[in-house]
Amino acid sequence: MLLDPKVLMTIKNLPLLAKTVIDGFMNGFNKSTVKGPGLEFSQYRSYQPGDDLRWLDWRMYARSDRYYIRESEVETSISVKLMIDASASMNHFDGTLKKIEYAKFLAASLAYLANLQGDAVGLYVFKEGDLFSLASKPDPQHLQRVYYQLENMQPAGNFTQPMHYKELFAGTGRKELLVFVTDMYQQDGEIMNLLDTLAALKHEIIVFQLMGQNELDFDFKGYSALEDLETGEIIQIGPQAREQYQEKLRQHQENIRMELLGKHIVHRVISTAEPLDKALRDFLVQRNKG
């Protein structure tokens, strides 16, 4: 219940919302499903010269008189880069919830969960043809900066045009996970151009494609026309529009799925009416991959 976006709408403080979501998620979490730091240690190994002494397990030493390292803590701290599409199409709403609000809930919760596991968290916001970036850091003060930017994020304009993506996302040599929250709305292939560049950098990438339930069901009762939020184009809704729309949507989604599969990018479609737990589980699975 705590992960339901309609319930989350009543929590006005984003850090509190993120903590509430993750506390509820972890309470119902089956640790046998996904293993990782902060959840369950995978194994111990003997101490080797040069190992960081912070990860020595002194209780194991007391029992065995030998030095052991908790290996999962040493080897699985990563950089998580949250990428948010804040172009105007993210203002689409289904009932009282906009896509951008769901994106904020999800990104804040992922940031809290990643920080809890000792990961560095960064934020990248694509809007009005520009890109805001907040480099990855693991400290709690940095997490507050991420929350602040998310709280003040307002969708506007078109998606960012290609820029120096390689320099921004090249990484520092350690494992990185790029989490892209978007509705995949593009006018000239600009999102796929971004994902082409990111895929070439060999990072793990997961795309959460947000869709309103009214988009999925073509449920726009009481409306005779729809307006494109980024171009302003007016689309008339005719009597046979539903069937044609759903067939085009099916083809469109299949094209996206196949294109991202070819780039080895994980793709998940999420309705803004869905609770957050499925996305959080997908994140943890991808985070601990390999």
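The values are calculated or read from the model by the stated rules, or taken from the named source; none is laboratory data. Values in this document were obtained by computation on a predicted structure and should not be read as measured data. Ideal geometry is used to build each Cβ from the backbone, glycine not excepted, and the neighbour counts take in all protein chains shown. The area values use the complete protein model at the heavy-atom level, side chains included, leaving out ligands, DNA and RNA. Shrake-Rupley method; radii C 1.70, N 1.55, O 1.52, S 1.80 Å.
Can you tell me which residues in the range 122-181 are under 22 Å from Leu210 (Cα atoms), of a type in the set (Val, Ile, Thr) and in a loop (DSSP other than H, G, I, E, B)?
Across the range 122-181, the qualifying residue is only Thr160.
Kindly check whether there is at least one residue in the range 270-287 that is modelled with pLDDT of 70 or more, of a type in the set (Lys, Arg) and buried (at least 17 other Cβ atoms within 10 Å of the Cβ).
Yes, there is a match, as at least one residue in the range 270-287 is modelled with pLDDT of 70 or more, of a type in the set (Lys, Arg) and buried (at least 17 other Cβ atoms within 10 Å of the Cβ).
Checking the conditions here, which among Leu168, Leu194, Leu198, Leu178 is more than 14 Å from the chain's Cα centre (by Cα), at pLDDT 90 or above and closer than 21 Å to Asp119 by Cβ? Steps first, answer last, please.
Values: Leu168 fails: at pLDDT 90 or above; Leu194 fails: closer than 21 Å to Asp119 by Cβ; Leu178 fails: more than 14 Å from the chain's Cα centre (by Cα).
So the residue among Leu168, Leu194, Leu198, Leu178 that is more than 14 Å from the chain's Cα centre (by Cα), at pLDDT 90 or above and closer than 21 Å to Asp119 by Cβ is Leu198.
Could you give every pair whose Cβ atoms fall below 7 Å, whose first residue belongs to the range 241-253 and is more than 10 Å from Asp217 (Cβ to Cβ) and open to solvent by less than 80 Å² (accessible area, probe 1.4 Å), and whose second residue is modelled with pLDDT under 80 and among the hydroxyl-bearing types (Ser, Thr, Tyr), counting only separations of at least 6 or pairs across chains?
If the second residue must be modelled with pLDDT under 80 and among the hydroxyl-bearing types (Ser, Thr, Tyr), no pairs are left.
Only one of these is of a type in the set (A, V, I, L, M, F, W, C) and open to solvent by 10 Å² or more (accessible area, probe 1.4 Å): Leu97, Leu113, Leu123. Name it.
The match here is Leu97.
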